[in-house]
1. Arrange the peptides B:174-186, B:155-167 so that the one whose residues have, on average, the most other Cβ atoms within 10 Å appears first.
2. Can you give the net charge of the other residues whose Cβ lies under 14 Å from the Cβ of residue A:175, counting K and R as +1 and D and E as -1?
3. Among the lysines, which fall within straight-line cross-link reach of residue B:127, defined as a Cα-Cα distance under 18 Å, with same-chain neighbours fewer than 8 residues apart omitted?
4. Place a label point 7 angstrom from the Cα of residue B:193 along the Cα-to-Cβ direction, then list the residues of the stretch B:87-128 whose backbone nitrogen is under 18 Å away.
5. Can you give me the C-alpha center-to-center distance between the stretch B:172-191 and the stretch A:209-239, rounded to a whole angstrom?
6. State the percentage of accessible surface on the stretch B:215-313 attributable to carbon and sulfur atoms; use a 1.4 Å probe and exclude ligands, DNA and RNA.
7. Return a whole-number percent for the relative contact order of chain B, with Cα pairs under 8 Å and 6 or more residues apart as the contact set.
8. From Cα pairs below 8 angstrom and at least 6 apart in sequence, can you work out the relative contact order of the stretch B:82-182, rounded to a whole percent?
Amino acid sequence: MTGINQPAGRHLRARRRRDLFFRGLCLATMGAALLLLLVLLGSLARQGLSGVDWDFLTSFPSRRAAAAGVKSALAGTFWVMVLTALCSIPLGVAAAVYLEEYAAKSRLNAIIEVNIANLAGVPSIVYGMLGLALFVRGIGLGRSVLAGALTLTMLVLPVIIIASREAIRAVPGSLRQASYALGATRWQTVRDHVLPAALPGMLTSVILALSRAIGETAPLIMVGALSYVAFVPNSLKSEFVVMPIQIFNWASRPQEAFHALAASAILVLLALLLSMNAFAVYLRHRAERKPTW
Amino acid sequence: MNNEAVVSSTEPAGALGAQRLRHELKERLIKALLALSALVSVLITLGIVAVLLVEGLSFFTEVSPWEFLTGSRWAPLLEPRSYGVLPLVCGTLLVTLGASLIAIPFGVGTAIYLSEYASRRSRTLIKPVLEILAGIPTVVYGYFALTTVTPALQQLLPATQVFNAASAAIVMGIMILPLVASLCDDAFRAVPQSLRQGAFALGATPMEVATRVVLPAALSGVLASFVLAVSRAIGETMVVAMAAGSTPKLTLNPLESIQTMTGYIVQVSLGDTPAGTTEFRTIFAVGTLLFASTLALNLLAHRILRRFREVYE
């Protein structure tokens, strides 16, 4: 039997030491990432927390830092988010339903699948260029909320399709078979059984996709979300600004006061995103607790 | 699988037959509408290619592709004009390299800890934190680079300029780290426990299991995650637009101000270059290069995943 003091045992000690060192190394890399997140949030809080008050949320941006607020940016974000959701969710879910329930394994459908996977990895600024050429100039929508929403729709569509497909795929085949056995058509099965069962999972992923879209800056810069907007959008053709662009604008100015404003705006944006994500997680929990089959 | 409720052999005549016909037409119509929705995704791709092609081609009638791809001075908006894209590519690669140097080691280390060492409770605490890191908008990272990382760097290395590649690279590394970590973690978790347990049974330490069994088995996923991280870094816009600068130059010094491809596109969009001019079309030429390189990297990652994937059982 090799003991801890025999040659093989001494070797074992060295290996165990190496393992401990390696474990510490990996733990350190993870700790560094978490530490940096804390530093980021800490510096944000320090620079911006004091500026977040009711006046900040209800004032328009201004040349004077003390009077500036995010009212127009919040309104613009809200408008763009709602419009994007209205356009992308039906389109994305319909495409996912087709690809999962209806599509035969043809060459065209394989191309569509690969295409969607590629689109999900395209840099967001390229979508901005497409939106600029197609919606702002091509159709002539100009620098409007609608153009911005359509651009973001193209951006989130691949993500929504992929996520919806996974949710639909998770519905057990026995549910479909039972429905068909009772004489239902394919659409009846999808509409009355598959979609309701897949809905919670889809909702979670859709909310997460939309929360990503809210943080997008580059595509909307290209589509022309202006940086000085002192009004709330009142129609689809309105010019607009969104929170990330307002943050970008304030952060790019040299004065310290505007940097503090940017930090405050970031905190508001993060709060918005956090609540959306928390809502999505809550939905996921509820879905996992009570299965409908 | 044909589950349409259409009777093939016996055709009931009269009202029932008419109802079946209506159902069949409705089913066909719905299927067509759904198929159209799926085709929209193809239209988007075609749209991207069309826009880049049309504007790019009209740009390349004015400027030769050779001059574009090999020229070393990028000054499309100043006199004398010069359209060599290499400074932008160099800036992009500099920032990407720096970001990868941070994201890859730290991401793999985090993934190894999460999958091989961490208890289940630690995992449930840490995974959400990584998701939070991944969900922070890029403009927030840009702000962090500008207001916290750059001053800190300037204190450490006084030669650091206000806009510099290093801040952007560091922050971008932090931003991409969760992507690498979660992809590698997924790859490690896909390795069956039986392989690990066999190694442990032979007396291996967790480090030996991780480095000699799990990592080689999950290699395709790990390599694919690296490629995807690089692709993400190349396409990232806001961090570099805010922190890296707008002075295109060929340099390897990360403490200097540079400009990346994405940073240039944003700069022109924010300016007042009139649309339809050669100067404005430069963004489409640069955009084509950007799109082509990220597409190539994404396809490569997909290839790696498929080609080298281990079949376990």
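The values are calculated or read from the model by the stated rules, or taken from the named source; none is laboratory data. Owing to the predicted nature of the structure, the values given are computational and were not obtained by experimental measurement. Cβ: placed from backbone, ideal geometry, glycine included. Neighbour counts: every protein chain shown. Note: accessible area is taken over every heavy atom of the protein model, side chains too, but ligands, DNA and RNA are not part of it. Shrake-Rupley method; radii C 1.70, N 1.55, O 1.52, S 1.80 Å.
1. Details: B:174-186: 24.1, B:155-167: 17.9.
Highest to lowest by the protection proxy: B:174-186, B:155-167.
2. Values: positive: A:169, A:176, A:186, A:191; negative: A:100, A:101, A:192.
Counting the neighbours of residue A:175, the net charge comes to +1.
3. none
4. Output list for this probe position: B:114-124.
5. 31
6. Numbers: 2540 of 4090 Å².
Percent of accessible area from carbon and sulfur atoms in the stretch B:215-313: 62.
7. Details: 406 pairs, mean separation 74.0, N = 313.
Across chain B, relative contact order equals 24 percent.
8. Details: 79 pairs, mean separation 53.5, N = 101.
Result for the stretch B:82-182 is 53 percent.
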